[in-house]
1. Once you keep just the Cα pairs under 8 angstrom separated by 6 or more residues, what percentage relative contact order results for the range 93-181?
2. Taking loop as defined by DSSP and a crowding limit of 12 other beta carbons within 10 Å, which trypsin sites (Lys or Arg not before Pro) in the range 13-77 fit?
3. Looking at the chain, send over the antiparallel percent of its DSSP beta bridges, to the nearest 5.
4. If each residue of separation counts as 0.36 nm, what is the full-extension length gain between GLU95 and ALA66 once their alpha-carbon separation is subtracted?
5. Count neighbours as other Cβ atoms within 10 Å of each site's Cβ, and list the trypsin sites (Lys or Arg not before Pro) in the range 112-164 that are DSSP loop with at most 15 such neighbours.
6. Which value in deg cm²/dmol, rounded to the nearest 500, describes the helix-derived mean residue ellipticity at 222 nm for the chain, given -39,500 (n - 2.57) per DSSP H run of n ≥ 4 and division by the residue count?
7. Along the Cα→Cβ direction, 7 angstrom out, place labels at LYS23 and PHE43. What is the inter-label distance in nm?
8. Compute the longest continuous run of the chain that contains no exposed chymotrypsin sites (Phe, Trp or Tyr not before Pro); treat a site as exposed when its DSSP state is not H, G, I, E or B and it has at most 14 other Cβ atoms within 10 Å.
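Read-outs throughout are calculated quantities, based only on the coordinates presented, and are distinct from any laboratory measurement. Not measured: the values here are computed from a predicted model. Using ideal geometry, Cβ is built from the backbone for each residue, glycine included, and neighbour counts are taken over all protein chains shown.
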Amino acid sequence: MTFNDPEFGEVIIRKSAWATNPKFSVSTSGKLTISGPKHTTVFLAKRWLNASRKQIREKLPLKDPATQRARDAQKKILAKKAKDYLPYRLDFWAEKYGYHYSSLRLSHANTRWGSRSSSGTISLNIGLMKVPEPLRDYVILHELAHINHMDHSAEFWAEVEEHDPHYKRHRKLLKSYSPGV
Ligand SMILES: [Zn+2]
């Protein structure tokens, strides 16, 4: 649940069975988050917010709504680019090296570039659209190699190297980028 506040922009409401009193925090995207008990409504959340407006303003490291809006817009653009590109790039490499995966999920995680689940789903972060192509390809080839090796064993890295001979450099360069938008 979300609502718009003239001062804080989009406000997120989280409900929990265990919460008793409303708590104010900042989401990873910099938005004001109100955590309250199960019966929390937008009406109640607005009332709590108005009663604590001054403390929130002084104590919480919130992003201003304009910054939030810019970030949301950037995320939308990246998600669109990722949708138009990553499925085809993944297919390209999978076909080239004979890998089979069950599905692709585009993720918005803040900390991971990609992952592979035991059910065979490959996740790729939309933030990959911000990094140079060789680094993007490295992440794809890394996740594909996990189809044959579930760990980061020497055999796993040998397979990555076979498909991306400069993987060590790519891996190092990737550290200077952050997956989060
Ligand atoms: Zn890995």
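1. Numbers: 112 pairs, mean separation 28.8, N = 89.
32 percent.
2. Sparse-neighbourhood loop trypsin sites (Lys or Arg not before Pro): LYS38.
3. On the way: 11 of 22 bridges.
Around 50 percent of the beta bridges assigned by DSSP in the chain are antiparallel ones.
4. Numbers: separation 29, 0.36 × 29 = 10.44 nm, distance 4.32 nm.
Once the chain is fully extended between GLU95 and ALA66, it gains 6.1 nm.
5. Numbers: sites: ARG112, ARG116, LYS130, ARG136; in loops: ARG112.
Of the trypsin sites (Lys or Arg not before Pro), the ones in loops of the range 112-164 whose Cβ has at most 15 other Cβ atoms within 10 Å are ARG112.
6. Details: 5 runs with 82 residues, N = 181.
The helix contribution divided over the chain gives -15000 deg cm²/dmol.
7. Label at LYS23, label at PHE43, 2.7 nm between them.
8. Details: sites that count: TRP18, TYR177.
The longest such stretch corresponds to 19-176.
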